[in-house]
Amino acid sequence: QVQLVESGGGLVQAGGSLRLSCTASGITFSTTSSGWYRQTPGAQRQFVASMTSGGNAVYADSVKGRFTISKDNAKNTMVLQMNSLKPEDTALYYCNALSWGKLHWGQGTQVTVSS
């Protein structure tokens, strides 16, 4: 059974940083594609960043240069380092991972950036 658990969200002032983690069980990040999405109330889930099993990363234009996605294979954890945060980054952040053709999601971690 695949389970993804996000952590690291919180309240931060604009310009600050947060580090989100996604810990997996039942799936190995190093062998699959995975990523981060975010969602605000009433809006659709929005792509933030993704990384292939080979380590190729893709970012949304809105976060390029500020966010960095990485994987810690020893801990089977995916990390989203978020720097220079803006109020518009406020959202519920979800991680996902692909396994046997199915996309699995975590339950999300809230990020709130105050101005």
Response to the item:
Residues of the stretch 68-115 being within 14 Å of the chain's Cα centre (by Cα), open to solvent by less than 60 Å² (accessible area, probe 1.4 Å) and β-branched (Val, Ile, Thr), in sequence order, are 69, 77, 79, 90, 109, 111
Discussion item. Any residue that is of a type in the set (D, E, K, R), more than 27 Å from residue 1 (Cβ to Cβ) and in a loop (DSSP other than H, G, I, E, B) - is there at least one of those in the stretch 76-99?
Written reply: yes
Worksheet item: Which pairs have Cβ atoms under 8 Å, sit 6 or more apart or on different chains, and link a residue in the stretch 56-85 that is touching a residue at least 24 places away in the same chain (Cβ under 8 Å) and hydrophobic (A, V, I, L, M, F, W, C) to one that is in a loop (DSSP other than H, G, I, E, B) and crowded, with 17+ Cβ neighbours inside 10 Å?
Response: 82/63
Worksheet, complete the sentence: In the set 16, 65, the lone residue that is over 15 Å from residue 77 (Cα atoms), open to solvent by 50 Å² or more (accessible area, probe 1.4 Å) and either part of a loop (DSSP other than H, G, I, E, B) or of a type in the set (Lys, Arg) (or both) is 65
Fill in: Members of the stretch 2-13 that are open to solvent by 30 Å² or more (accessible area, probe 1.4 Å) and not β-branched (Val, Ile, Thr)
3, 7, 8, 9, 11, 13
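The values are calculated or read from the model by the stated rules, or taken from the named source; none is laboratory data. Computed from a prediction, not measured in an experiment: that's the story for all the values here. Ideal geometry is used to build each Cβ from the backbone, glycine not excepted, and the neighbour counts take in all protein chains shown. The protein model used for the area step is the full one, side chains on, heavy atoms only, and it has no ligands, DNA or RNA in it. Shrake-Rupley method; radii C 1.70, N 1.55, O 1.52, S 1.80 Å.
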